[in-house]
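The values are calculated or read from the model by the stated rules, or taken from the named source; none is laboratory data. As the structure is a computational prediction, the values presented were derived from the model and not from experiment. Note: ideal-geometry Cβ built from the backbone for every residue, glycine included; neighbour counts use all protein chains shown.
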């Protein structure tokens, strides 16, 4: 993944879910979670959650953190966390 000056949640989330789903290492019954730190973005990427997380709850917690100046709408970040046990 390469930064290109824009926020592409979809590519990042697909990568994260793929990494968690393709992990063959047995853990000590730990919960899988994703943490996201961002300085902007408006996309809720509901289609990614419908595909990867909502059918079988791959991730038990999804946490979003808004950093930097808050001159953008944080509602999509709140939605992503609340819709996915964050």
When every residue in the range 50-68 that is within 14 Å of residue 78 (Cβ to Cβ) and surrounded by 13 or more Cβ atoms within 10 Å (Cβ to Cβ) is compared, the one modelled with the highest pLDDT is 63
For the range 33-56 the number of residues that are under 13 Å from the mean Cα position of the chain (by Cα) and not in a strand (DSSP E or B) is 13
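Hey, any hits in the range 69-86 for a residue that's in contact with a strand residue (DSSP E or B) (Cβ under 7 Å, 6 or more places away or on another chain), modelled with pLDDT of 80 or more and at positive phi?
yes
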The correct count of residues that are part of a loop (DSSP other than H, G, I, E, B) and either more than 18 Å from residue 19 (Cα to Cα) or under 11 Å from the mean Cα position of the chain (by Cα) (or both) in the range 57-86 is 13
